[in-house]
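First the structure, in the form of structure tokens, and then the observations on it.
FYI, it's all coordinate maths here, none of it is from the lab. Predicted model, so just to flag it, every value in this text is computed and none were measured. Virtual Cβ from ideal backbone geometry, glycine too; neighbours counted across all protein chains shown.
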Amino acid sequence: MCENLWMQIRDAIPEDTAAACAVLRRSIAELCEADHRNDPYTLARWLSNKTHENFRAWVAQTDNSVLVAVEDQHILAVGSITDAGTIGLNYVSPDARFQGVSRALLRALETRAAEKGNNRCNLTSTETARRFYLSNGYVENGPPVGGFTTTSGYPMTKALPSLIGKT
Ligand SMILES: CC(C)(COP(=O)(O)OP(=O)(O)OC[C@H]1O[C@@H](n2cnc3c(N)ncnc32)[C@H](O)[C@@H]1OP(=O)(O)O)[C@@H](O)C(=O)NCCC(=O)NCCS
């Protein structure tokens, strides 16, 4: 668990499901226009697995960590990382954008990856978040990949700082 003066980052619990799914869905719909271009079919496909049932399953999954950033019991952002160090989710509420929430959540996900024995984190970035990841130490490590968005996903990797030199 990670805390600063105004925000806590903790493991998600089943009771977070409704609020967390609302954040995921709003983040995609309202912030990721560069990826879905407001194309209804693309957006619907992207949102299709952001269901209450799936969220509860992701929280229950033993080889996966779902973390939430919380202020005054309101969920500001949702992230996830597998025990193998792959970041799956990293979505901030439109209400909390550009306040350092995703940067803090990313640090927490990386810390969890290191705790699980990984010396790298991997992810596939949206167009929307590409610059954000590059400025947080990630490098692109493969050609853009097709996905369910109208643009490409960008495979990225980062050596976890505390373990550099120990591999
Ligand atoms: C891009 C995104 C992930 C960043 O999250 P955030 O919580 O807003 O970012 P933080 O506040 O932690 O990071 C600060 C970033 O915002 C920038 N920023 C701060 N205030 C800003 C403003 N008023 N206008 C534009 N950019 C601003 C900072 O320069 C910094 O960008 P940089 O890292 O490229 O330099 C988020 O805004 C977003 O759009 N998410 C959509 C979902 C998504 O694509 N998730 C990734 C899935 S792989």
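Observations, loosely collected:
- Cα centre as origin, Lys/Arg/Asp/Glu Cβ charges: region 2-119 dipole, Debye: 220 debye
- Sites N141 and R103 - FRET efficiency at Förster radius 30 Å, r taken between beta-carbons, to 0.05: 0.90
- With the simple model of a label 7 Å out from the Cα in the direction of the Cβ, E33 to H52 spans 3.1 nm.
- Loop trypsin sites (Lys or Arg not before Pro), region 5-35 (other Cβ atoms within 10 Å of the site Cβ: 11 or fewer; DSSP): none
- With the convex hull of the Cα atoms taken as the outline of the chain, the averaged projected area works out to 9.5 nm².
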